[in-house]
């Protein structure tokens, strides 16, 4: 009960952190994929998502994601065009995800303050911007909550010798995969983290659980192959994986736009190697303290497996969560290593929180309605290559067309001049928002879309 009260208190803390981070963007209008994905879908479209690709417009990458479609339908019906309500809902889901991670981490041996610090570090990561500013990417939060449920249920099942809890874990994990199929990469992560809590008598139960989890996951993958044959097959792009791993461990991101962000980038580029070396060195005297941070590091790297097939920064949702847990548990080891190491640990954590929030504010500008990125994305949906396929509610389409007209884009013929204006803004600015309708190029541009 005490742990549940702590998780509830942490939820309100995380909600406040998320609200502060998202506040400037709270009322920014929908952009790009939001335009055609956040709406009420027909019963036929919702049924078809269970036996084919999830996007009825055929614009998005093919995949078996029926629960994403249902989630988007629910949000479209509940909140309509109220973008502030949409984002407050996502902040609440993010806070709940972080609070459940606090509960899981504490059951795996992390201290409560460390787990709360990890949740805050995750929220402040530059990569988390996607999930509270860009409405479409809120489906990662649903997937995260289902994985949290699977992890907590398997921990409860092992702790209580309870097959119903283990069955609940299997169901929650299968649901997470039906939100996004890249959840299959979390099979080894779930087993790794469950293994931390399994003593020798319980390892047989964990092995039995794994003997069911793996075939269930394989069955979901086989079903996806059958009903969505056009979906990308598993890849083996090692370079892409290494890039994803490197970006995961740099929570503020490797790119910079001013002196402060350059210092943050350099610091967090060096941090993983230095921290692992120090933890291993200190672990020679206290081996038990090394187990948890290295397990979270392994989980972060395993969660990067989807990058073997396809890599984007918005797909670092799970890797960043485990990386935050790695950093804070490793910093806890340093904290117990003396005054100098204690100061270094506090400084790195502070730079991740304050610096991450600073960089996140700049990165969020990609989704500002006058950002060159947002204007180009919206122009593609209304007048560009997706115009004939995108199902966009009429009021939403009219609002986007009006904003594009204020940027001089009224038809497909205006797209080439828009490209020239964006190129000029890229080289000469402005790089921050000005009066409404003034095109600007974001200081930290989004490069994956």
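Looking only at the stretch 411-430, residues that are touching a residue at least 24 places away in the same chain (Cβ under 8 Å) and either in a loop (DSSP other than H, G, I, E, B) or within 25 Å of residue 41 (Cβ to Cβ) (or both) come to 1 in all.
Against the list (1) part of a helix (DSSP H, G or I); (2) at pLDDT 95 or above; (3) crowded, with 18+ Cβ neighbours inside 10 Å, the condition residue 334 fails is (2). Return yes when residue 395 is within 30 Å of the chain's Cα centre (by Cα), over 14 Å from residue 365 (Cβ atoms) and part of a loop (DSSP other than H, G, I, E, B) and no when it is not. No; evaluated as a whole, the condition is false for this residue. Inclusion of residue 16 among residues that are more than 18 Å from the chain's Cα centre (by Cα) and surrounded by 20 or more Cβ atoms within 10 Å (Cβ to Cβ) is not warranted.
Report whether or not residue 251 is in a helix (DSSP H, G or I), touching a helix residue (DSSP H, G or I) at 6+ places or on another chain (Cβ under 6 Å), within 17 Å of residue 349 (Cβ to Cβ) and modelled with pLDDT of 95 or more. Show your work before the answer.
Values: in a helix (DSSP H, G or I): no; touching a helix residue (DSSP H, G or I) at 6+ places or on another chain (Cβ under 6 Å): yes; within 17 Å of residue 349 (Cβ to Cβ): yes; modelled with pLDDT of 95 or more: yes.
Against the criterion (in a helix (DSSP H, G or I), touching a helix residue (DSSP H, G or I) at 6+ places or on another chain (Cβ under 6 Å), within 17 Å of residue 349 (Cβ to Cβ) and modelled with pLDDT of 95 or more), residue 251 does not qualify.
When the helices (runs of 4 or more DSSP H) confined to the stretch 124-240 are screened for residues that are modelled with pLDDT of 95 or more and farther than 30 Å from residue 365 by Cβ, those reaching at least 3 such residues are found at 139-160, 163-179, 187-196, 200-227. So which residues in the stretch 431-449 are in contact with a strand residue (DSSP E or B) (Cβ under 7 Å, 6 or more places away or on another chain) and exposed (fewer than 13 other Cβ atoms within 10 Å of the Cβ)? 434, the sole residue that qualifies.
Given the residues 344, 387, which is the only one that is surrounded by fewer than 22 Cβ atoms within 10 Å (Cβ to Cβ), under 25 Å from residue 247 (Cα atoms) and at pLDDT below 95? Result of the check over 344, 387: 344.
Just one residue in the set 360, 351, 329 is surrounded by fewer than 21 Cβ atoms within 10 Å (Cβ to Cβ), assigned to a helix (DSSP H, G or I) and touching a residue at least 24 places away in the same chain (Cβ under 8 Å); that residue is 351.
Please find, within the stretch 80-123, the residue that is nearest to residue 296 (Cα to Cα) out of those that are part of a helix (DSSP H, G or I) and free of Cβ contacts under 8 Å to residues at least 12 places away in the same chain. It would help to see each step written out before you state the result.
Just the residues of the stretch 80-123 that are part of a helix (DSSP H, G or I), to begin with: 83-107, 112-123.
Okay, now just the ones that are also free of Cβ contacts under 8 Å to residues at least 12 places away in the same chain, so 85, 113.
Numbers: 85: 34, 113: 17 Å.
Per the criteria, the residue is 113.
Here residue 298 clears all of (1) over 15 Å from the mean Cα position of the chain (by Cα); (2) crowded, with 17+ Cβ neighbours inside 10 Å; (3) at pLDDT 95 or above except the condition numbered (2). Tell me, please, whether a residue that is assigned to a loop (DSSP other than H, G, I, E, B), in contact (Cβ under 8 Å) with a residue 60 or more places away in the chain and either surrounded by 22 or more Cβ atoms within 10 Å (Cβ to Cβ) or on the phi > 0 side of the Ramachandran plot (or both) can be found in the stretch 310-321. Within the stretch 310-321 (the criterion being assigned to a loop (DSSP other than H, G, I, E, B), in contact (Cβ under 8 Å) with a residue 60 or more places away in the chain and either surrounded by 22 or more Cβ atoms within 10 Å (Cβ to Cβ) or on the phi > 0 side of the Ramachandran plot (or both)), the answer is yes, since at least one residue qualifies.
The values are calculated or read from the model by the stated rules, or taken from the named source; none is laboratory data. Just so it is clear, the structure is predicted and the values come from calculations on it, not from any experiment. Cβ atoms come from the backbone with ideal geometry, glycine included; neighbour counts cover every protein chain shown.
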